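To keep things clear, I will list the structure first and then write my remarks on it.
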Amino acid sequence: MPSGRGNAETEFWRRRLTVPFYKVSEAARYARSNASTVARWNRLRVTPSKQARDELSYLQLIELAVAAAMRKGGIPLAEIKSARDYFAQALTTEYPFASQRFKADGKRIVLDYQQIEPKSGVGKLIYSDGQLGWKTLVDPLLKEFEYGDDGIALRWKVGGLKSKVLIDPRVSFGAPQVAGTATWVLRDRYLNGESVPDLADDFGIAQTLIVDALTFENVEVDLGRPKLWLN
């Protein structure tokens with residue numbers, strides 16, 4: 001029988017899925033976008049019954065990332081938002097872009113939407129003639145998501161498929177992290193003079209993960225830096 005404590009912990013991190021946490025500048029960097037795009041996306045009041053804010057929740061961040069990927073195809077944000085509202089109804093979920101069903105059935109749903117709104121620029125996502133489309137814009141991002149048993153994107157390889165940097169609302173309060181340690185913590189310690197081996201020893205993390213974290217934080221890594229602390 002599940003313990004009450006386990007249920008409480010599950011409910012705690014589930015609440016974090018929709019609690020505003022990521023600043024605009026952070027959200028823009030993680031979504032590989034820019035602050036003006038985040039602000040415009042926020043002003044569209046994408047999430048039903050919630051007002052636009054300066055900060056985004058985890059699920060809003062995931063949706064922003066997908067919208068930003070579509071935006072790179074020249075699709076206006078307002079048209080992406082309208083299509084998203086249709087996807088939400090079709091998939092019966094408040095956050096369709098964070099749904100595993102969107103990854104599995106997204107192209108079909110876009111085709112259905114095009115029957116209703118044939119002039120929408122979202123139709124660019126299903127082009128297959130060499131132009132920017134689903135395979136180029138959306139699919140690479142969706143491959144970075146790992147989904148939970150309920151079909152929600154719960155882990156994001158935010159540093160890219162080859163990076164070990166993850167965003168997971170269950171770990172480090174949803175901050176980008178490697179092996180449970182927030183990348184900003186490693187960045188600050190490195191910038192204060194510690195070496196990669198220092199950090200690896202102190203946190204019990206492989207040096208390759210330290211390098212991944214620092215690279216994600218746009219820090220130029222000097223693997224020849226001498227250790228600051230002696231054993």
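For the reader, a short list of remarks on this structure follows.
- Every pair of residues 6+ apart whose Cβ atoms lie under 7 Å, when the first sits in region 172-190 and is hydrophobic (A, V, I, L, M, F, W, C) while the second is modelled with pLDDT under 95 and open to solvent by less than 40 Å² (accessible area, probe 1.4 Å): Ala182/Ser172
Matching residues to (1) touching a residue at least 60 places away in the same chain (Cβ under 8 Å); (2) touching a Gly at 6+ places or on another chain (Cβ under 7 Å); (3) closer than 17 Å to Ala65 by Cα; (4) open to solvent by 50 Å² or more (accessible area, probe 1.4 Å):
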site: Pro76; (1), (2), (3), (4): no, yes, yes, yes
site: Ile80; (1), (2), (3), (4): no, no, yes, no
site: Tyr86; (1), (2), (3), (4): no, no, no, yes
site: Tyr95; (1), (2), (3), (4): no, no, yes, no
site: Arg108; (1), (2), (3), (4): no, no, no, yes
site: Leu111; (1), (2), (3), (4): no, no, no, yes
site: Ile116; (1), (2), (3), (4): no, no, no, yes
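- Boolean, Ala213 is open to solvent by less than 40 Å² (accessible area, probe 1.4 Å) and free of Cβ contacts under 8 Å to residues at least 12 places away in the same chain: no
- Qualifying positions in region 137-156 - assigned to a loop (DSSP other than H, G, I, E, B) and touching a helix residue (DSSP H, G or I) at 6+ places or on another chain (Cβ under 6 Å): Gly151
- Verdict on Thr181 being of a type in the set (S, T, N, Q) and open to solvent by 60 Å² or more (accessible area, probe 1.4 Å): no
The values are calculated or read from the model by the stated rules, or taken from the named source; none is laboratory data. Predicted, not measured: the structure shown is a model, and the values here were computed from it. As a convention, Cβ positions derive from the backbone with ideal geometry for all residues, glycine included, and neighbour counts pool all protein chains shown. Only protein heavy atoms, including side chains, enter the accessible area calculation; ligands, DNA and RNA are left aside. Shrake-Rupley method; radii C 1.70, N 1.55, O 1.52, S 1.80 Å.
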